[in-house]
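Okay, structure first, notes after.
Read the figures in this text as sums done on the coordinates, not as results from a lab. No experiment lies behind these values; they were computed from the predicted model shown. Virtual Cβ from ideal backbone geometry, glycine too; neighbours counted across all protein chains shown.
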Amino acid sequence: MNPQEFDPADGWFAESVAAGYDSPGGANAPEVVTPVVDVLQDLASGGPVLEFAVGTGRIAAPLAARGLEVSGIELSRAMAARVASKPGGDRVEVTIGDMTTTRVAGQFSLVYLVFNTISNVTTQDGQVEVFCNAAAHLRPGGLFLVEVGVPSLRRLPPGQDTVPFEVAPGPDGGGYVGFDQYDVVTQQFTSNHVTVAPGGPGRFRRVPFRYAWPAEMDLMARIAGMRLKYRWADWDRSQFRAESTKHVSVWQKH
Ligand SMILES: C[S@@+](CC[C@H](N)C(=O)[O-])C[C@H]1O[C@@H](n2cnc3c(N)ncnc32)[C@H](O)[C@@H]1O
């Protein structure tokens, strides 16, 4: 098994990952994508939008297909290469770069960063830079939206550091095991994906992340000159509560 699969150019989303990213169902299912696009279209109020870490255009392409002007920044060439082939994707202006530092031309009504991707930036300084870079792309009054899971620390019994999120035995001895492993001192965690194919080689993918509580992100937003406007538990704009497993937060630039 290869535990890393990190590509120096494309990061954790090299060709081997990009090739399977758009498989039907899961995060690509219309019932998942449409509510996201609905909320983003509403928040954009007709203005230009910018997606940080645009990936293969899962969200950006359908947003552009609705007539919005959409730009994206993306680290992985392998992921970005797939944007244009989607309906609406040929209208998405993609810049290859790091969302902590890369600037694109224009002033945007909305910058958004979905699907837990703020956590791919593994230092606090880097995450602050993401907030500052978002604010630098916004017009006054513009909005920055982040969708990210709440760290599952309340599921950790004392003395343990691992939270399994899926155990799925397959036929003929194959299967899948997924677990997150937390370091509560450094706020680093790894997501671990072990896939065993019957009769074939196994695959162990171990991806590093940094978690931050919603309150820490509010402070990052303050540093970047933004204030919390909305915090929802999901894309249905339901109220964020103690039991919420994720949040969709929106900050407004002064
Ligand atoms: C989970 S995918 C999400 C893609 C897309 N936003 C979506 O919702 O389908 C994470 C993406 O973030 C990109 N990424 C990770 N760190 C990045 C960074 N610092 N700057 C730009 N893109 C980054 C990865 O290459 C990958 O395409």
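Side notes on the structure shown:
- Of all residues in segment 5-38, those satisfying the criterion of being within 11 Å of the ligand (Cβ to nearest atom), in a helix (DSSP H, G or I), surrounded by fewer than 18 Cβ atoms within 10 Å (Cβ to Cβ) and touching a residue at least 12 places away in the same chain (Cβ under 8 Å) are 21, 27, 28, 33.
- Flag if residue 52 is farther than 29 Å from residue 208 by Cα and surrounded by 19 or more Cβ atoms within 10 Å (Cβ to Cβ): no
- Meets criteria (outside any loop (DSSP other than H, G, I, E, B) and charged (D, E, K, R)) for residue 241: no
- Unique match (being in contact (Cβ under 8 Å) with a residue 24 or more places away in the chain, among the hydrophobic types (A, V, I, L, M, F, W, C) and farther than 17 Å from residue 213 by Cβ) among 153, 138: 138
- Hey, residue 199 on the phi > 0 side of the Ramachandran plot and outside any strand (DSSP E or B) or not: yes
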